[in-house]
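Laboratory data are not the source of any read-out in this text; all were calculated from the coordinates shown. Just so it is clear, the structure is predicted and the values come from calculations on it, not from any experiment. So basically every Cβ, Gly included, is an ideal-geometry build from the backbone, and we count neighbours across all protein chains shown.
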Amino acid sequence: MRALLRLLTCCTLLASTAQADETLRWLDQQRRERDGLERDERLRQLQRQAPVPPPLPQPRAEDREVACWSLPGLRLRGNRLIADPALAREVTPHLRPCMDVGAIRQVLAAITHAYVQRGYIAARAYPAGPPVAGEPLEITVEEGFVESIELSDDSLPVSLKNAFPDLLGRPLHLPALEQGLDQLNRLRSIDLQAQIAPGELPGGSRILLVPRGHQARWGLGVRYGNGGDRFTGRHGVNLVVSHDSPLHLNDSLQVGLFRTAGADPSHTTGLGLYYSVPYGPWTLGASLARSQQIAFAPVNRTRSEARGASNSLRLNRTLWRNQHTLIGAGLRLTQKHQDRWIAGRHYTRADDQLTSASLDLNVLWLGRATWSGQLGYDHSLPWLSATARPHQRWRAAVMRTRAWPAKGYPWRWDSSLEAQYSPHPLPASEQALLSSPNSVRGFRDSNIAASSALVWRNNLGVTLPLGQGLTLTPQVGLDYGRGWGTYIREQQYPALAALSGGARLGWPGGELTLEYRHAMVIKDGPPSEPGFWNTELKLDF
């Protein structure tokens, strides 16, 4: 009888543990989706075509005159953004003992080029008067200013004040203009380009923002997958609703709802919300995620419930950008909380409530391949009723996407390497989850996590056009994960690997993926799960 009771208790605790781990999996998925959303926004910023500066004046054939003037040096006026010594270094190679009209034009072009190289694309240089032999050449620099910023379509729900808070009335600086366009075009429904024209005032520039396309501000996405665990249901449906600029502040709102499908009383539900509002190079974001799992023990049908919550506030800033590189930093405050009940009794752990602060540095680079990198540091805080033990961790991630044509078909290779390190054991919600669709694919029932971990993912595919807007993408994947120190035992070092292969059928507004996944536990983990056919359906409206 005692053996039977121990067996029933064990089954109940196993179901409860699986629920708690599934709660962490949902919170981890919400965090990754939020990070992916921000990464996609940065990628759209770099892929947008930059404003084209006005052409520089070129020497003309008729400027090659015989007459020239002996001009002992230069006298500059109006240059406030670039000091005299810096401009002197630019024009010195163009100075001659005897300056004709063509040589003078080269000096003017060199000064203008110095401004354009520094991003001041509206600056121009011109002689203050006719050259006089024996006198320095007097040159006036018109650094210019932004006279107006206008929308060609006033019905667009955007805020020019939020996008360009410091540009009006100041010299036209290309990075500041691009930053404002980045902020506007990060929205899925907005695609603007800038046209620069002379203003009505001397030295003034008029910026006209013209839409290249426009989509609906509301978006609806439906996701289906069969990657759930056996306790709360294999099949799940996710509904995502997004709204661009709901307050006409270039802000964005996204709400996600999740539930496992089927009539089984065991189920999982989830809610995720993300809102962000930018101002100049700054972006303030807030997110929350809620998850609830209800399961019944397989033997005695004891009811167990697990709930998880995560709230975060994030402040991002664009530090530097050019045509190929975007660098940003972010500061995030996160609060997490977990609860669990077994047969109506509430169970708690010391690590169920935690608060942490994170500092991140992000880099995105476009070349022959697209590179994305992130370096982050997290530290626990005794705020907001936190009970978790003090902890810290370092995080790093590198992602690479390479696309190339071969025999008329586009190939694509996606590879990523993610790692985290902690000198001490971490709370369960802070550990790296190795056995998930976002790390090592092929696991549905096993939850393997570690305080320090490394995950390497690869996916190779080729897109084949089928006509009528249909595409077929055969693809294969290889994943590997390694951990150091699990939540249960500090001396465990789990090692996992997975192979996958299948195809994705795509059409405008949706895609269907069918992929066979097989994972293997190489070391320090539960028995390997059998392979399964993973099905994912995505519909966007």
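Considering only Ala503, Pro410, His424, the residue lying farthest towards the positive end of the dipole of the range 348-540 is Pro410, judged by Cα position with unit charges set on Cβ. Over the residues of the chain, the helix contribution to mean residue ellipticity at 222 nm works out to -5500 deg cm²/dmol, using -39500 (n - 2.57) for each DSSP H run of at least 4.
Counting only DSSP beta bridges with both residues in the chain, the antiparallel share comes to about 95 percent. Evaluated at q = 0.06, 0.08, 0.10 Å⁻¹, a Debye calculation over the C-alpha positions of the chain (equal weights, vacuum) places log10 I(q)/I(0) at -0.41, -0.66, -0.91.
Taking the longest Cα principal axis of the chain as reference, the axis of helix 174-185 is set at about 40 degrees. Between 0 and 90 degrees, rounded to the nearest ten: what's the tilt of helix 2-47 against the longest Cα principal axis of the chain? With rounding to tens, the tilt is 10 degrees. The string of couplings for the range 348-359 from the Karplus curve (6.51, -1.76, 1.60, θ = phi - 60°) is 10, 10, 5, 8, 6, 10, 8, 10, 9, 10, 10, 10 Hz, one whole number per residue in order, with x for Gly and Pro. The tail of the calculated P(r) for the range 470-541, taken as Cα-Cα distances beyond 17 Å, holds 56 percent of the pairs. According to the Kirkwood relation over distinct C-alpha pairs, the hydrodynamic radius of the range 348-540 is 18.6 Å.
The trypsin sites (Lys or Arg not before Pro) of the range 441-541 that DSSP puts in a loop, and whose beta carbon has at most 12 other beta carbons within 10 Å, are Arg489.
In terms of the mean number of neighbouring beta-carbon atoms within 10 Å, the peptides 230-241, 320-331, 210-221 order highest first as 230-241, 320-331, 210-221.
Mean projected area of the convex hull spanned by the Cα atoms of the range 145-214, taken over all viewing directions: 4.3 nm².
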